[in-house]
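Participant: Here it is, the structure, as structure tokens.
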4 protein chains.
Amino acid sequence: MNHKIFIRDVRESDFAKWKPLWDGYNAFYGREGASALPDEITNLTWSRFFDGYEPMNALVAEHAGKLAGLVHYLFHRSSTQLRSNCYLQDLFTVESARRQGVGRALIEEVYRRAAQAGCGKVYWQTHETNTHAMKLYDKLAKKSGFIIYSNEL
Amino acid sequence: MNHKIFIRDVRESDFAKWKPLWDGYNAFYGREGASALPDEITNLTWSRFFDGYEPMNALVAEHAGKLAGLVHYLFHRSSTQLRSNCYLQDLFTVESARRQGVGRALIEEVYRRAAQAGCGKVYWQTHETNTHAMKLYDKLAKKSGFIIYSNEL
Amino acid sequence: MNHKIFIRDVRESDFAKWKPLWDGYNAFYGREGASALPDEITNLTWSRFFDGYEPMNALVAEHAGKLAGLVHYLFHRSSTQLRSNCYLQDLFTVESARRQGVGRALIEEVYRRAAQAGCGKVYWQTHETNTHAMKLYDKLAKKSGFIIYSNEL
Amino acid sequence: MNHKIFIRDVRESDFAKWKPLWDGYNAFYGREGASALPDEITNLTWSRFFDGYEPMNALVAEHAGKLAGLVHYLFHRSSTQLRSNCYLQDLFTVESARRQGVGRALIEEVYRRAAQAGCGKVYWQTHETNTHAMKLYDKLAKKSGFIIYSNEL
């Protein structure tokens, strides 16, 4: 049986359903158990999704009557563009809904939102070893050839 | 003869000296001639450096009485942090002042400014083929293992 | 004959119709002729309406097949609130469409948008001599008792 | 005996000294006891002072070895200016240090900071009945003639 995927803005009433997805996403990056993201950060990030001043946004995917995925994206300045860049920071599909097109639908909706918001491009980061995710990404975007250097302060 | 490197905030009166560095930086990325960055973008970016509302900042390096380098950095939100991230977007040293520590001094000053601004880290992008720059970057930061996917809208 | 008022987001294709309203609004505040607002400001403000990073927004009223009014509002921080404030900066109805409810419809739509954006209130300024406008404002909001001091730098 | 007034950026280590001033300021506006500002707001506002991405800033006045006053100001967009406006939101001098020039010194330092940040003006609100404060304000700024309408959502 096929289920339609419906992408929409997250709502404040979604918190209890969104939180397990957010936890699952964070666990994938090792932020679980003693290393879990502090609730203070989760709560602040959540409140930012609903603050018109904050350029942070969240979409969720409904599939078979449940929240099946999330995507968080934000706008930021760029020195080489008039308008802002769109950084797709977080993307997650629940285990049970994988290989159904949820990730693709979430990314494509970010493309639409970013275009409406005047952005010239959408970009994201992935780990160089994440070949599984890259199978999807290679269909939807270009590997830019740019890599990230980072310094903890 | 050794010259001391002095890093400072860019000033509105620096425009005529900063512009050739900015042009040199853009040329390195192929934005020259018919593909040059439009003046409209340069002028807007420049004005943003001096607008207290904008989280974009520029430092310049003085060396032997001249502007020898520039760095532009900006702050943006992150869903996994209370405070903002620091993205070092542009870095450039003029040909004649290379191998004198200008790049290192600029990056280290961004570290200081970002720490003052409450950031937990500073990050930047470099092309995977830019092994020359990586010699410096490997001393000052960590190759994160993350790569950039990008989609033009 | 009555015409329905339709309030919607401004679109990039509206520029030629929006501009005369903006000019009319500015003229009301003495910004016309030699004192007119520079095009550079108008163009930058216009571009901000379509930049997802900018917390500036514009709505227009359609009435009898024409643009009959505009409202511009922005979100900004407040030290005494978790989320942002909504400042309704500009409101204008064309002469020919006055006393038809255009101003009221624009303000009420800003209320809806601000509530969606998590704001606790919407505020604006009016001159203490503008008793005509206050007839409407007194129905839709409260005179707060606060007055503005300002210092040109 | 005269004491010199020293105005400086607030520091994270100032919290315990800044908090009683903030409480005193809020009490003046009736935000005390059962109506006190929630700690959640105070903590978030405090964190914003130290976040380079946030256009909120705080200065304190040192006088006779103590914190004698505070001022909070923020930058926000304006549709009629290229650069941002400076809104001086909060100003407070402790009872024991009044009539010593603390308020004036705080306002004048905001003028300097706002000018550096490219602002064309600094503005604030005061209640129309606050004739005591207006004695100072009339020396430092102009009563604009504009009044505030506000609607709770």
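The values are calculated or read from the model by the stated rules, or taken from the named source; none is laboratory data. In this text the structure is predicted, and so the values were computed from the model without any measurement. With ideal geometry, Cβ positions are generated from the backbone for all residues, glycine too; neighbour counts draw on all protein chains shown. To get the accessible areas, we keep the full protein, side chains included, count just its heavy atoms, and leave off ligands, DNA and RNA. Shrake-Rupley method; radii C 1.70, N 1.55, O 1.52, S 1.80 Å.
Participant: Across segment D:12-31, what is the number of residues that are within 13 Å of C:Thr80 (Cα to Cα) and acidic (Asp, Glu)?
Facilitator: 1
Participant: Which number in (1) surrounded by 12 or more Cβ atoms within 10 Å (Cβ to Cβ); (2) free of Cβ contacts under 8 Å to residues at least 12 places away in the same chain; (3) closer than 25 Å to B:Cys119 by Cα marks the one condition that D:Asp9 misses?
Facilitator: Just one mismatch for D:Asp9, condition (2).
Participant: Those residues that are of a type in the set (Asp, Glu) and more than 12 Å from B:Tyr73 (Cα to Cα), I need them from segment B:85-107; list them, please. Spell out how you get there, then give the answer.
Facilitator: Step one: filter segment B:85-107 for residues of a type in the set (Asp, Glu), giving B:90, B:95.
Matches in segment B:85-107: B:Glu95 only.
Participant: Take segment A:90-116 and flag every residue that is at pLDDT below 95 and in contact with a Lys or Arg (Cβ under 9 Å, 6 or more places away or on another chain).
Facilitator: Of everything in segment A:90-116, those that are at pLDDT below 95 and in contact with a Lys or Arg (Cβ under 9 Å, 6 or more places away or on another chain) turn out to be A:Ser96, A:Ala97.
Participant: Then there's this: Please verify whether segment A:95-104 includes one or more residues that are among the hydrophobic types (A, V, I, L, M, F, W, C) and without any contact (Cβ under 8 Å) to a residue 12 or more places away in the chain.
Facilitator: no
Participant: Further, regarding this structure: Taking only segment B:1-27 into account, find how many residues are in a helix (DSSP H, G or I) and of a type in the set (S, T, N, Q).
Facilitator: 2
Participant: Do you know which of the residues in segment B:46-71 that are within 22 Å of D:Arg77 (Cα to Cα) and in contact (Cβ under 8 Å) with a residue 24 or more places away in the chain is farthest from the chain's Cα centre (by Cα)?
Facilitator: To start, the set of residues in segment B:46-71 that are within 22 Å of D:Arg77 (Cα to Cα) comprises B:46-58.
Among the residues that remain, those that are also in contact (Cβ under 8 Å) with a residue 24 or more places away in the chain are: B:46, B:49-50, B:55, B:57-58.
On the way: B:Trp46: 13, B:Phe49: 12, B:Phe50: 16, B:Pro55: 14, B:Asn57: 9, B:Ala58: 7 Å.
So the residue we want is B:Phe50.
Participant: Another question, if that's okay. Answer yes if at least one residue in segment D:139-151 is surrounded by 18 or more Cβ atoms within 10 Å (Cβ to Cβ) and touching a His at 6+ places or on another chain (Cβ under 6 Å), and no otherwise.
Facilitator: There is at least one residue in segment D:139-151 that is surrounded by 18 or more Cβ atoms within 10 Å (Cβ to Cβ) and touching a His at 6+ places or on another chain (Cβ under 6 Å).
Participant: What pairs come out if I take residues in segment D:136-153 that are within 7 Å of chain C (Cβ to nearest Cβ) and assigned to a helix (DSSP H, G or I) and pair them with residues that are open to solvent by 80 Å² or more (accessible area, probe 1.4 Å) and modelled with pLDDT of 95 or more whose C-beta lies under 8 Å away, six or more apart or interchain?
Facilitator: What qualifies is D:Tyr137/D:Lys143; D:Leu140/D:Arg104.
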